[in-house]
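First comes the structure, then the notes that go with it.
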Amino acid sequence: MGIRERLSGNEAAAIAMKQINPDVVAAFPITPSTEIPQYFSTFVSNGQVDTEFVAVESEHSAMTACIGAEAAGARAMTATSANGLSLMWEQIYIASSLRLPIVMSLVNRAVSGPLNIHNDHSDAMGVRDSGWIMLFSENNQEAYDNLLMAHRIAEHKDVLLPLMVCQDGFITSHSIENIELLEDDKAKAFVGSYKPEHYLLNKDEPIAIGPLDLQAFLFEHKYQQAEAMRNAKKVIAEVSKEFEELTGRKYSFFEEYKLDDAEIAIVCMNSTAGTTKYVVDQLRKNGIKAGLLKVRMFRPFPTEEIAKALSNLKAVAVLDKADSLNGAGGALFEDITSAMFVNKVQIPVVDYVYGIGGRDTTSNDIESVYNDLSEIVKNGGTNDFYRYLGVRK
């Protein structure tokens, strides 16, 4: 039986880290993720963990310290947001190319400029092709659960890639919700210990980390990273299944909410899914067959599975909480439409950029998207596929 609690998303992330008890945590404060290392540092000072907490001078240094610790054979974690992730940018790519299974709690926030401390997904979308596994979390329960699964996934011998667990800044990070925690001993047993095969401090196998890698080998090493990301898909499914057996909480690559008989549906990530579920329930009462597909696993992207899940719909709207500024649609929209095209699923799809800089997205806004989808079905399609939701023009 789990432990019932009331926690914010940041508290939930910090408690997951306490139960994991990593060897090293290196972090620098940045809103809205500051509370995670702040809460965790109290566990260090109270002796509840034996983690080496490294208070660094910048986020670049935080990821550098994690890289050094992980390369030496230690389990390392960190947390950041927005500009902090941007300052890590060079090291983010180095961490993945060195195949170091670092775990990061990323509390999503708008990237400057202009300066904004509120939620959108521009930070995560900025590193979506960096070689990190990316899991998104609707609420504090999912943020906690994803972190407990993270090391099992990242450290698997067929994967060995860093992993970030995303949650929405302030919306979930600072909002208190009911949550069910695992007992410490069960969490520790599930996560297990880290036993790397190759590491710098292994006196029996001297190795170099970060060597020059030119034309003769870099291509092959990048191919190996890509293979590892493909392998992660199977490992995520296996670890999620084992977690379900332990907790009763089921996690797949994505959640299908009333999608079985739906005619129109929204695709989105993170906390917006909660509002969308409410709207779906209201529309169902009025006889409208609305549904939702909530993406949990953004990297690797479940191309075939998503295309199949959407194949029986009459129209789909993708909600992007970041604008790619390319004149063609946001990152999630591009992935969804690509998945549908290569799997020969041909139905109308529209993109809505929304919530930039923390702009509120209400149930009325979401309902208006479903109304638009109904019109698209009625009219047999649309040429206006790149839209904005809630912007003043």
Quiz item: Failed condition for Lys233, given (1) in contact with a strand residue (DSSP E or B) (Cβ under 9 Å, 6 or more places away or on another chain); (2) assigned by TED's automatic domain parsing to the domain that holds Asp120; (3) part of a loop (DSSP other than H, G, I, E, B); (4) not aliphatic (A, V, I, L, M), with all others met?
Solution: (3)
Quiz item: When only residues in the stretch 237-295 that are in contact (Cβ under 8 Å) with a residue 24 or more places away in the chain and basic (Lys, Arg) count, which is nearest to Met164 (Cα to Cα)?
Solution: Lys294
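Being modelled with pLDDT under 95 and surrounded by fewer than 24 Cβ atoms within 10 Å (Cβ to Cβ): is that true of Gly126 here?
Numbers: modelled with pLDDT under 95: no; surrounded by fewer than 24 Cβ atoms within 10 Å (Cβ to Cβ): yes.
It is false that Gly126 is modelled with pLDDT under 95 and surrounded by fewer than 24 Cβ atoms within 10 Å (Cβ to Cβ).
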Exercise. Kindly list, by first and then second residue, each pair from a residue in the stretch 199-219 that is under 16 Å from Leu160 (Cβ atoms) to a residue that is at pLDDT below 95, limited to pairs with Cβ atoms under 7 Å and residues at least 6 apart or on different chains.
Key: Leu200/Ile207; Leu200/Ile209
Quiz item: Between residues in the stretch 36-56 that are within 13 Å of Ala76 (Cβ to Cβ) and assigned by TED's automatic domain parsing to the domain that holds Ile15 and residues that are assigned to a loop (DSSP other than H, G, I, E, B) and of a type in the set (Gly, Ala, Ser), which pairs lie under 9 Å by C-beta distance while being six or more apart or on different chains?
Solution: Glu52/Ala74
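Results for (1) under 20 Å from Ile236 (Cβ atoms); (2) in the same structural domain as Leu293 (by TED's automatic domain parsing); (3) under 11 Å from the mean Cα position of the chain (by Cα); (4) in contact (Cβ under 8 Å) with a residue 24 or more places away in the chain, shown as yes or no for each residue.
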position	(1), (2), (3), (4)
Ala124	yes, no, yes, yes
Leu135	yes, no, yes, yes
Asp145	yes, no, no, yes
Val159	yes, no, no, yes
Ile171	no, no, no, yes
Glu177	no, no, no, yes
Glu197	no, no, no, yes
Practice problem: Determine, yes or no, whether Ala189 is in the same structural domain as Leu100 (by TED's automatic domain parsing) and in a helix (DSSP H, G or I). | Solution: yes
Quiz item: Glu238 versus (1) modelled with pLDDT of 95 or more; (2) under 21 Å from Cys66 (Cα atoms): which is the lone unmet condition?
Solution: (2)
Practice problem: Please work out which residue is surrounded by the most Cβ atoms within 10 Å (Cβ to Cβ), limiting yourself to the stretch 250-309 and to residues that are β-branched (Val, Ile, Thr) and within 20 Å of the chain's Cα centre (by Cα). | Solution: Thr276
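The values are calculated or read from the model by the stated rules, or taken from the named source; none is laboratory data. Note that the coordinates shown come from a computational prediction; the quantities given were computed from them, not determined experimentally. Note that we place each Cβ from the backbone using ideal geometry, even for glycine, and neighbour counts take in every protein chain shown.
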